[in-house]
1. So is Ile257 more than 30 Å from Arg238 (Cβ to Cβ) and surrounded by 13 or more Cβ atoms within 10 Å (Cβ to Cβ) or not?
2. Inspect all residues belonging to region 299-306 and state whether any of them is in contact with a Gly (Cβ under 7 Å, 6 or more places away or on another chain), surrounded by 10 or more Cβ atoms within 10 Å (Cβ to Cβ) and of a type in the set (A, V, I, L, M).
3. Kindly check whether there is at least one residue in region 132-154 that is assigned to a strand (DSSP E or B), in contact with a Phe, Trp or Tyr (Cβ under 6 Å, 6 or more places away or on another chain) and under 21 Å from Thr8 (Cβ atoms).
4. Give the residue that is nearest to Thr54 (Cα to Cα), with candidates limited to residues of region 9-37 that are surrounded by 15 or more Cβ atoms within 10 Å (Cβ to Cβ) and out of contact with any Ser or Thr (no Cβ under 8 Å at 6 or more places or on another chain).
5. Hey, among the residues in region 126-141 that are within 17 Å of Val152 (Cα to Cα) and in contact with a strand residue (DSSP E or B) (Cβ under 9 Å, 6 or more places away or on another chain), which one's surrounded by the most Cβ atoms within 10 Å (Cβ to Cβ)?
6. Within region 224-231, identify whether any single residue is under 35 Å from the mean Cα position of the chain (by Cα), at pLDDT 90 or above and assigned to a strand (DSSP E or B), and answer yes or no.
Amino acid sequence: MASTFTSTLNLELQASGENSGTWGTITNNNLTKIESAVKGYVSVAIASTTDSLTAEDGTTADEQSNAIIKLTGTLTGNTTMQCEAVENWYIIDNATTMGNNTLKFKPAGGGTVDLVAGSKHILYTDGANMFDVLDDAGNITANGTLDVAGNVNFNGGEFTFNEAGADKDFRIEGNTATHLFFSDAGNDRIGINNASPSKTLDITGTFKVSGSAEFAGDVDVDGGGFTFNEAGAAVDFRAETDSITNAFFIDGSANRIGFGTNTLTNGFITMDQSSSAGAIAVLNLDQGDEDQPFIRFDGATAADQTASLSTDTSVGALTGHIRVNINGTDFWIPYYATN
């Protein structure tokens, strides 16, 4: 009976009474192939866009029987490297020059895996398809530094940093900013472009809120100006008190200001003291600078009643009159140069 060969490593199975005088050589070849399958290494230059690993019965020269295979060469197009359609496992070192081309690895006639340029893959095949072990790995624990040169995708699961609650910082760099995002674990603070955040959230630079923003605590503006509606859009501004909905109101489209109301009259400023039981004035003026007036009026003057200020002195020793409107009717309040 003649020798037969195994399907995976192509080992020669010698029949009883065969190979007189060469039995030892064949046995040594088998042992060498087994050693290659466990720890062997071979470098294979890809010769075409559809290349195959060599697989030979009974010899030690076949490429497929090695555990570690380094692929080299320059790809001339999208390329597929294949092995025999038998169960096996491989460590593939992709050292090819790929350019914009793809490189796939598969069992003959089966499903492929994509090889990444400059990367090493742990693969196995069931004879019908090729599988990349780390594409579908379970829990992975790295006790040292984990460097990722490509993209990191979290699809279908959560990402938790520092689950143990240790004093471990987290940092994301920008193109030039070393602490574009910084989590200061020891102080439980977040810095945006800030390596030493002094608040729970400390932002160095500008920020923009395109949607609504709600502040449940105090808002301090310290060390800089505060500008609302820098773009000059028709947006309103409103401040509430304990019981007054529109204690201070800016009507952005009408360019008017209201105190106690958002229903503004034709005046630039409208004040509405709506409480009839409060016994308080609509306007209370307290001038601490004793040598200055309580109110200053600047307007156009005329000798008659056609302007907001009149210089008519025909009645008494007046200096003039100030024009006011009471319940829709214009009146004039006299004023004097001396008391």
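1. No, not satisfied.
2. Among the residues of region 299-306, not one is in contact with a Gly (Cβ under 7 Å, 6 or more places away or on another chain), surrounded by 10 or more Cβ atoms within 10 Å (Cβ to Cβ) and of a type in the set (A, V, I, L, M), which makes the answer no.
3. There is no residue in region 132-154 that is assigned to a strand (DSSP E or B), in contact with a Phe, Trp or Tyr (Cβ under 6 Å, 6 or more places away or on another chain) and under 21 Å from Thr8 (Cβ atoms).
4. Looking at the filtered set, the residue picked out is Leu11.
5. The qualifying residue surrounded by the most Cβ atoms within 10 Å (Cβ to Cβ) is Asp132.
6. So far as region 224-231 goes, no, none of its residues is under 35 Å from the mean Cα position of the chain (by Cα), at pLDDT 90 or above and assigned to a strand (DSSP E or B).
The values are calculated or read from the model by the stated rules, or taken from the named source; none is laboratory data. Note that this is a predicted model, so its numbers are computed, not measured. A quick note on method: Cβ atoms are made from the backbone with ideal geometry, for glycine too, and the neighbour counts reach across all protein chains shown.
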